Amino acid sequence: MAKKPQTVVAGIDGSEESVSALRWAAEYVERVGGILHAVTIWHQPVQFGYRLPTPDTELERRARQSLDSTVEAVRGEFPGVDIRPRLVRGQVIDEFVGMSEQADLLVLGNKGHGAFTGMMVGSVALKLVHHAKCPVVVVR
C-alpha cells in the first residue's frame, strides 16, 4: 500500500530560525513527497491594552514581504518541492493548532524575533509541542 503524500506546515516569522525550519521542511517533503505550506501569522499587537499605531495594512505588507522573501530563498534550493505561501491574520497558537488538525507535520524554528506574531517563536514552539494535533519538529 502506497504511503499518502504528506501535508507539512512550516511556521515563518522572518527570522533566520524560521528560514532553517522551512529549509528542513522542504528537504523532508523532497524525500517523502507532499505539499509544504509556509505560513506567516500576523496580528495587530496590543501593549498595555492599546493597539500600537502601525496600520494593519502596513503590518500585513511587512508580513507578506517577509514570507515571500523567505519562501523565495528556499524555493530556489528545492525547485521540485510544492511550497505554498500562506499569510494568515489571527492568533499564532490558535491558528497553528487549527492547522495541525489537517497536517501530518508542523515544523518551527526554535526561536525567532516574532516581528509579526507578537511573541517569541521559542514560546510558540513550546506551546505547540504540547497542543498541536500532529507531530511537531522544532529545528535548531
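Values quoted throughout were computed directly from the atomic coordinates according to the rules given, and no laboratory measurement underlies them. Please read these numbers as outputs of a predicted model, since none were measured by experiment. Neighbour counts run over all protein chains shown; Cβ positions are idealised from the backbone, glycine included.
Computed about its Cα centre, the charge dipole of segment 6-139 is approximately 200 debye, with only Lys, Arg, Asp and Glu carrying charge at their Cβ. Which part of segment 20-45 falls in the paramagnetic zone of Ala73, meaning amide N under 20 Å from the point 7 Å along Cα-to-beta-carbon? In segment 20-45, the label zone of Ala73 (backbone N under 20 Å from the point 7 Å along Cα→Cβ) covers 20-30, 36-42. Setting aside same-chain residues fewer than 8 positions from Lys4, which aspartates and glutamates have a Cα under 18 Å from its Cα? Cα-Cα hits under 18 Å: Glu27, Glu30, Asp82, Glu101, Asp104.
May I ask for log10 I(q)/I(0) of segment 1-46 at q = 0.18 Å⁻¹, from a Debye sum over the Cα atoms as equal point scatterers with solvent left out? Results for segment 1-46 at q = 0.18 Å⁻¹ read -0.57.
Using a Förster distance of 22 angstrom, determine the FRET efficiency expected from the C-beta separation of Glu16 and Asp82, and round it to 0.05. Spell out each step's value before the answer.
Working: r = 24 Å, r/R0 = 1.08.
Calculated transfer efficiency: 0.40.
Equivalent-ellipsoid semi-axes (√(5λ), Cα gyration tensor) for segment 6-139, whole Å, largest first?
Rounded to whole Å, the semi-axes are 24, 17, 12.
Ranking of Phe78, Phe96 by neighbouring Cβ atoms within 10 Å, starting from the fewest: Phe78, Phe96.
For the pair segment 6-48 and segment 83-104, the centres of their Cα atoms are 9 angstrom apart.
Distance between the pseudo-spin-label points of Asn110 and Asp56 (7 Å out from Cα toward the beta carbon): 3.7 nm.
Every helix of 4 or more DSSP H residues in the chain counts as -39500 (n - 2.57), and over all residues that averages to -13000 deg cm²/dmol at 222 nm. Once backbone amide H atoms are built at 1.01 Å from N, Ala10 has His37, Ala38, Val39, Val107 as its partners under 5 Å, excluding neighbours fewer than 5 places away on the same chain.
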